[in-house]
Structure formats: structure tokens, C-alpha cells
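S.K.: Questions regarding the structure given below will be posed in turn.
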Amino acid sequence: MSWVSTRDYYEQINRGVRRRTSPMASAPLLIESLDFEQLWGSASDEDWD
């Protein structure tokens, strides 16, 4: 998991929207991106507070 997967999901969602609507359409999305390195460290340290 990384920013790359976020980009891939965003691209797939917008391709689907364009197929269903028009070539200039895009999905109205708000993306919150987390630093996966911090989450990974919490998971391995069992520190979820």
C-alpha cells in the first residue's frame, strides 16, 4: 500500500465515470492520504493510541 495504489484507484474510478457519462467527466472525490510508513510502524509496535 502506498500513494501508488491511491493513484490507481483514483484512475479506475474516473475511467468508470467517463465510461458511464462523458469523456470530460470525473468523479467528485475528496482524497485523504495517510503516511503508510507511520501506520506500518504502529502495526508492528502494537501502538495504536
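S.K.: Return only the number of the condition from (1) surrounded by 10 or more Cβ atoms within 10 Å (Cβ to Cβ); (2) at pLDDT 95 or above that Met24 does not satisfy.
M.R.: Here Met24 meets the rest and fails (1).
S.K.: If you don't mind, there's one more thing I want to ask. Give me a count of the residues in the stretch 1-42 that are in a loop (DSSP other than H, G, I, E, B) and β-branched (Val, Ile, Thr). Write out each step before concluding.
M.R.: Filtering the stretch 1-42 for residues in a loop (DSSP other than H, G, I, E, B) gives 1-2, 21-35.
Now drop any that are not β-branched (Val, Ile, Thr), which leaves 21, 31.
Selection size over the stretch 1-42: 2.
S.K.: Now, a different point. Quick check: is even one residue across the stretch 32-46 loosely packed, with under 10 Cβ neighbours inside 10 Å, modelled with pLDDT under 95 and at positive phi?
M.R.: yes
The values are calculated or read from the model by the stated rules, or taken from the named source; none is laboratory data. Everything numeric here is computed off the predicted structure, so don't read it as measured data. Note that each Cβ is placed from the backbone with ideal geometry, even for glycine, and that neighbours are counted across all protein chains shown.
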